[in-house]
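Step one of this worksheet: look at the structure below.
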Amino acid sequence: MVEELKWRTLEERLSLPAMEPKRADVILAGALILWRAMEVLRFPEVRVSTRGLRYGVLKNAFSR
């Protein structure tokens with residue numbers, strides 16, 4: 001996703017499906033941070049919750 005986002009202008013990012021307008025300007029930075037964290041922690045994949053952080057934390061805590 002980083003490769004996809006880094007070449008797009010802000011206007012192009014705003015036109016992406018499901019892109020929240022208030023996040024379009026920071027989505028690339030967030031993607032880069034996540035990508036690097038995954039490399040350092042050796043995570044081969046990540047799940048993204050559209051319900052928000054609290055939902056993801058609770059799901060992870062109870063799925064062990």
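Just so you know, all these numbers are worked out from the coordinates, no wet-lab data involved. Small disclaimer: the values here were computed from a predicted structure and weren't measured. Quick reminder, even Gly has a Cβ in these numbers, built from the backbone with ideal geometry, and neighbours come from all protein chains shown.
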Inset, instruction - Could you give the size of the charge dipole of the stretch 1-47 about its Cα centre, using +1 on the Cβ of each K and R and -1 on the Cβ of each D and E, expressed in debye and rounded to the nearest 20? - result: 160 debye
Legend entry - Estimated distance in nm for a label pair at GLU3 and VAL40, the labels positioned 7 Å out from Cα along Cα-to-Cβ: 2.4 nm
